[in-house]
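*Asks:* Submitted below is the structure of interest, expressed as structure tokens.
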Amino acid sequence: MIDLIDVTVGYRNRPIIKIFSLRLERGNFVVLIGPNGAGKSTLLRVMAGLLPINRGMRHLDGKDYERYSRRLFSQRVTYLPQDRNLSLPYTAGEIVLFGAYARHGLWETLGESEQRRAREALKQVGAAALFDRPVTELSGGERQRVLLARSLFAGGETYLLDEPTAELDPV
């Protein structure tokens, strides 16, 4: 469960979100809708622990965010940002496997079971055929599917997805 309590956050002394409270409980599906520039992405970044708050408190399962290491937090909360810059020629499979960091660390060698799980995640989003293709050669929608697969592969109890269906065509 994520709790934001009387949170205020902004950029360069310009508040974007003022004295805002929210409780997200497991098992619920919540959609944020609003005009461009309203603070939806900012709110998701706050919930993902990527943006400091100016005021208030934020808790994950009753504990202050500061009590979690980044790695432990990432095991619990998976975040897909709106900005999807994939400019290095990693394969789609490698991008999905990056989602293992929270469970395995940066330098641990991943086994065949992780490769199978990565392939299954790509299959779940309709992108199984992309496993060996460099992401620099993929369309925007294909890249989005790869990033969604990475989020599924990473797991966690809470998913924070910023415009997860942007650039996706129906399949």
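*Asks:* Could you give me the residue pairs with C-beta distances under 6 Å whose first residue belongs to segment 1-28 and is modelled with pLDDT of 90 or more, whose second residue is of a type outside the set (A, V, I, L, M, F, W, C) and open to solvent by 70 Å² or more (accessible area, probe 1.4 Å) wherever it lies, and which are 6+ apart or on separate chains?
*Replies:* Within 6 Å, the pairs are Met1/Glu25; Asp3/Arg23; Thr8/Lys18; Thr8/Asn54; Thr8/Arg55; Val9/Asn54.
*Asks:* How about segment 1-85: which strands (runs of 3 or more DSSP E) wholly inside it have at least 2 residues that are of a type in the set (Ser, Thr, Tyr) and surrounded by 10 or more Cβ atoms within 10 Å (Cβ to Cβ)?
*Replies:* 77-80
*Asks:* Got at least one residue in segment 60-68 being touching a residue at least 12 places away in the same chain (Cβ under 8 Å), out of contact with any strand residue (DSSP E or B) (no Cβ under 9 Å at 6 or more places or on another chain) and among the charged types (D, E, K, R)?
*Replies:* no
*Asks:* Does segment 145-165 contain at least one residue that is more than 12 Å from the chain's Cα centre (by Cα) and modelled with pLDDT of 85 or more?
*Replies:* Checked against the condition, which is being more than 12 Å from the chain's Cα centre (by Cα) and modelled with pLDDT of 85 or more, segment 145-165 yields at least one hit.
*Asks:* Anything in segment 116-135 that is open to solvent by less than 60 Å² (accessible area, probe 1.4 Å) and small (Gly, Ala, Ser)? List them, or say none.
*Replies:* Ala118, Ala121, Gly126, Ala127, Ala128 - these are the residues of segment 116-135 that are open to solvent by less than 60 Å² (accessible area, probe 1.4 Å) and small (Gly, Ala, Ser).
*Asks:* For segment 86-109, what are the residues that are open to solvent by 60 Å² or more (accessible area, probe 1.4 Å) and either within 18 Å of the chain's Cα centre (by Cα) or modelled with pLDDT under 85 (or both)?
*Replies:* Ser87, Glu94, Phe98, Tyr101, Arg103, Leu106, Trp107, Glu108, Thr109
*Asks:* Taking the conditions exactly as written (farther than 24 Å from Pro170 by Cβ, in a helix (DSSP H, G or I) and either among the basic types (Lys, Arg) or in contact with a His (Cβ under 8 Å, 6 or more places away or on another chain) (or both)), does Arg119 satisfy them or not?
*Replies:* No: the conditions fail for Arg119.
The values are calculated or read from the model by the stated rules, or taken from the named source; none is laboratory data. Owing to the predicted nature of the structure, the values given are computational and were not obtained by experimental measurement. Quick reminder, even Gly has a Cβ in these numbers, built from the backbone with ideal geometry, and neighbours come from all protein chains shown. Calculation scope for accessible area: heavy atoms of the full protein, side chains included, ligands and nucleic acids excluded. Shrake-Rupley method; radii C 1.70, N 1.55, O 1.52, S 1.80 Å.
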